[in-house]
Amino acid sequence: MKLMRFSEIENHLKKFKVGIAGAGGLGSNCAASLARSGVGTLVIADFDKVELSNISRQFYFIDQVGMMKTTALKENLKRIRPEMNVVIHQTVLTEKNIPSIFRDCHVIVEAFDRADMKQMLVETVQKELTGIPLIVGSGLAGWGNTEILKFRKIDETLYICGDEMSEATDDYPPLAPRVSIVANMQANAVIEILMRKS
Amino acid sequence: MKILLNNREEEFERDVMTVSQMLELKKFTFRMRIIKINGELISKEKYDFAEIQDGDNVQMLYLMSGG
């Protein structure tokens, strides 16, 4: 690893654009870390509103309940780094719109809730946006079990963060620490990829 | 046949198999997954037809709800 001052790292990261598919526990927390680190542009897509139950683990505040997540997240990210670009798409992501929304991103973060949506996104990005690295989050429900959370590189375009086994359900919900750990594993992978780029 | 399954060598008593057959033989029951054979993503509609051959590098990842 090259030794660099933080000002140089920020300067480097500012050149890049990162896509975030979903603005829930993974997406909102990952976006916050990328904003703090200096990534220049985030392209964030989500269709949902902030609900009271989201406050347990997502990067939103009580006074934002009822707002669109994309709008609320943009507001919060701008409070961290006013000069960054936050492009928001308030829409349901599908096979049809994913390619155009994330076309010019240098890396894409998969931050959906439902497994079938994750599968759709991975298949679409890998087929339609060939060559863009995708960081998937899978397996983060519950608490503890930190030692089984892992980062795997499948190949140059596909990486996975999580334990690949803890499925979230009503009786086995995601909690802030574990979701944030995985969200930050994803952010860490994004930074690793961007720092290798010139 | 010998294949590389998630970087581990695995042996099967046949010369060729489809993705669906491999999942059945290995008793992989998770519903949502991504499979790549030699770096090429196999979409779920193709599991019954896509063939795995001797020496192939098969990568599989599991998708769990939550995020």
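Report yes if A:Arg57 is within 14 Å of chain B (Cβ to nearest Cβ), open to solvent by 50 Å² or more (accessible area, probe 1.4 Å) and more than 24 Å from B:Lys44 (Cα to Cα), otherwise no.
yes
Could you check segment A:169-188 and list, in sequence order, the residues that are within 12 Å of chain B (Cβ to nearest Cβ), open to solvent by 20 Å² or more (accessible area, probe 1.4 Å) and not in a strand (DSSP E or B)?
Selection gives A:Asp170, A:Pro173, A:Leu175, A:Ser180.
Looking only at segment A:94-115, count how many residues are within 15 Å of the chain's Cα centre (by Cα) and open to solvent by 50 Å² or more (accessible area, probe 1.4 Å).
So the answer is 3.
Scan segment A:135-151 for residues that are hydrophobic (A, V, I, L, M, F, W, C) and either facing chain B (nearest Cβ under 10 Å) or part of a loop (DSSP other than H, G, I, E, B) (or both) and jot them down.
Hits for segment A:135-151 are A:Val136, A:Leu140, A:Ala141, A:Trp143, A:Leu149.
Quick check on my filter: what residues within segment A:152-168 are in a strand (DSSP E or B), at the interface with chain B (Cβ under 7 Å from one of its Cβ atoms), aliphatic (A, V, I, L, M) and surrounded by fewer than 23 Cβ atoms within 10 Å (Cβ to Cβ)?
Once the filter is applied, which keeps residues that are in a strand (DSSP E or B), at the interface with chain B (Cβ under 7 Å from one of its Cβ atoms), aliphatic (A, V, I, L, M) and surrounded by fewer than 23 Cβ atoms within 10 Å (Cβ to Cβ), segment A:152-168 yields only A:Ile154.
Mind checking which strands (runs of 3 or more DSSP E) fall wholly inside chain B and carry at least 2 residues that are within 14 Å of chain A (Cβ to nearest Cβ) and among the hydrophobic types (A, V, I, L, M, F, W, C)?
By residue number, B:2-5, B:33-37, B:40-42, B:57-62.
Going by the structure shown, is A:Leu3 out of contact with any Ser or Thr (no Cβ under 8 Å at 6 or more places or on another chain) and at pLDDT below 95?
Judged against the criteria, A:Leu3 is a match.
The values are calculated or read from the model by the stated rules, or taken from the named source; none is laboratory data. In this text the structure is predicted, and so the values were computed from the model without any measurement. Every residue, glycine among them, receives a Cβ derived from its backbone with ideal geometry; neighbour counts consider all protein chains shown. Each accessible area value is taken on the protein alone, full model and side chains, heavy atoms only, with ligands, DNA and RNA left out. Shrake-Rupley method; radii C 1.70, N 1.55, O 1.52, S 1.80 Å.
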